[in-house]
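Enquirer: Structure in C-alpha cells, see below.
What follows is calculated from the coordinates using simple rules that are stated; it is not laboratory data. Source: prediction; values computed, not measured. Reconstructed Cβ throughout: ideal geometry from the backbone, glycine too, with neighbour counts over all protein chains shown.
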Amino acid sequence: MTWTKRSAVASAQQPQSPYSLMGLDQQMALEHGIQLPNDFNTQKVEFSYQALVMLKSLNDYDQRLVIKEIQFISLHPSAASSIKQSRNPFRHMRRTDIPFRNYHYFIDYKLASSGQIQISDILFDKQLYGKKDRHTDERTMLYQVQRTGSGAKYDGAKTRDEIQELTAEWGGAAPKTQVHTPHAAVNGMLNELTKAQWLMGTHLDTAYQSDVIKAYTLFHNPSDKAVRDLIECAFDKKHSNTSHNAQHLAAVLKQNQQQGKKVKWVAHSQGAIIFLSALQYYRINYQGALTGQELAIHGSGANVATLVHTAKQLGLKTHQARNNPFDAVPNIAGRNDLSRSSFARSVKFASALLADPGVSPHTLPYLGIKTYHQQLLMIGDHKRAAQVKKYINQTERSLS
C-alpha cells in the first residue's frame, strides 16, 4: 500500500461510522465549504463521512484538483488508470493522471451495482510526498516541520561547524492539508526538501527573533534543477501568468484568512516571486483582506516595492526586506538595485551564490553588512572579505 489516511474524523457531528455514505448536493457542498462545479453529477456520486472531512480540509486549489479527478471517475469508473488494490472487483484506487507536480492524492472508491460511485476516502500518496533521492521527483506540498535540535540560530558570524549545526536543527517534515502553525515559509530555488527544512527554519528564526518557534509550516517549492527553476521564476514574473505553485499558495492564504489564523510568513529568493504572484492571483480571484497574516522578505527574487505595495493593498503586513548588497538575486533578478555599483558587486560575487552557505551572500539570512564581513573572515575567505570591507568604508565615507 502506498497511501496514508488522515486522522481527521474528529470534529463536527459524526455519523455512526466514518464510512457512512451520504449524497452531496450543491447546497450541502456550500455549507461544508466545498465548491462543486456546476456540471458535477451529484446524483451519481456519494461520499463517506471520512472522505467528506478530508475534502473539506483541503484548500481551494487542492479541492479543485481532487474534484476534477472525481468527475473523471464518475464518467470513467473502470478506467485502466484506476488501480485495483483489493480482491473486491468494485473497489478501486485512482491515482491522478493530472501532470501537475502539486497533486499528491489517491481517491479510494467503489462502483456499486446500481452504477453509483461511492467515494470511500481521499488519501495522501506516500510515493509522492517527502524526501526523494532524485530531487526533481519531490512535490509542491505543505509540510509541518519540527525543531529537532537544541535551539541553534543564525544570530551572528559562525564557523563552518556552527553552520553545520543549523542543518540539524529542523526536520521530521509531515505532510499537511493546511497550516496549523503560527509560522510558515516559502523556500527559493535549488532547495530540495532536506535543505528547505533547515534553511527556512533558520530564516524564520531571524525574521521573528522575539518568537519561540518550535514548529513551522513549509510551503515546499521543490527544485527542478537550475534551468527549470529559472524558467519557473520567469513565468511567475510575467504579470499575466500564475504558476500552479502561486495558485496553490493563494488558496492557502485564503484558507488561513477564512479560518481566522494568524500566520507569520517568510519568503526567500524565488519564494518571494511565488508570494507576489500568489497575492496578485488572490486579488483577482478571491475576496477579503489578508489582515491576519504578515510577511518577511529575504533575498528577494521579486521587486520589493511591488511586493510591498501589493501586500498593502490586501492588508498584509510586511517587514523590512533583508537583501545583501552583494547578492545578485535581489539586485539584478529582483530589479531592486540596477545601479552600476550594484551590478559590479553582483558580478564579482556571482560565483559565491552557490558556494559554502557561510560565503554566499544569498543563502543564510542577511544580518547586516558588517556581520557579512565578519562571516567571510570567520570562514577564511579573506579576498571577498576585503571587497566587502572596501564597500563598508566607502559607505561610511559617503555618510560622513
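Enquirer: Would you kindly state how much longer the chain becomes between residue 392 and residue 164 on full extension, computed as 0.36 nm times their sequence separation minus their alpha carbon distance, in nm to one decimal? Mind showing how you got there, number by number?
Expert: Numbers: separation 228, 0.36 × 228 = 82.08 nm, distance 2.79 nm.
Between residue 392 and residue 164, full extension yields 79.3 nm more.
Enquirer: What pairs from 348/370; 312/370; 153/214 go past 23 Å between their alpha carbons?
Expert: 312/370
Enquirer: Shifting gears a bit: Mind giving me the nanometre distance, one decimal, between the label points for residue 28 and residue 41, set 7 Å out from Cα along Cα→Cβ?
Expert: Going from the residue 28 label point to the residue 41 one covers 1.8 nm.
Enquirer: If contacts are Cα pairs under 8 angstrom and at least 6 residues apart, what is the relative contact order of the stretch 135-399 in percent?
Expert: Computed value for the stretch 135-399: 18 percent relative contact order.
Enquirer: Quick one: order 382, 248, 319 by neighbouring beta-carbon count within 10 Å, fewest to most.
Expert: Ranking 382, 248, 319 by Cβ neighbours within 10 Å, fewest first, gives 382, 319, 248.
Enquirer: Exposure proxy check: 392, 163 ranked by fewest other beta carbons within 10 Å? Kindly include the intermediate steps, with their values, before the conclusion.
Expert: Working: 392 14, 163 21.
Ascending Cβ contact count within 10 Å gives the list 392, 163.
Enquirer: Within the set 56/317; 158/261; 176/261; 158/262; 195/389, which residue pairs have Cα atoms separated by over 24 Å? Please list the in-between numbers first.
Expert: Values: 56/317 28 Å; 158/261 35 Å; 176/261 15 Å; 158/262 32 Å; 195/389 30 Å.
Over 24 Å Cα-Cα: 56/317; 158/261; 158/262; 195/389.
Enquirer: Would you mind ranking 342, 277, 300, 113 by Cβ crowding within 10 Å, fewest neighbours first?
Expert: Numbers: 342 18, 277 27, 300 31, 113 6.
Fewest-to-most ranking of 342, 277, 300, 113: 113, 342, 277, 300.
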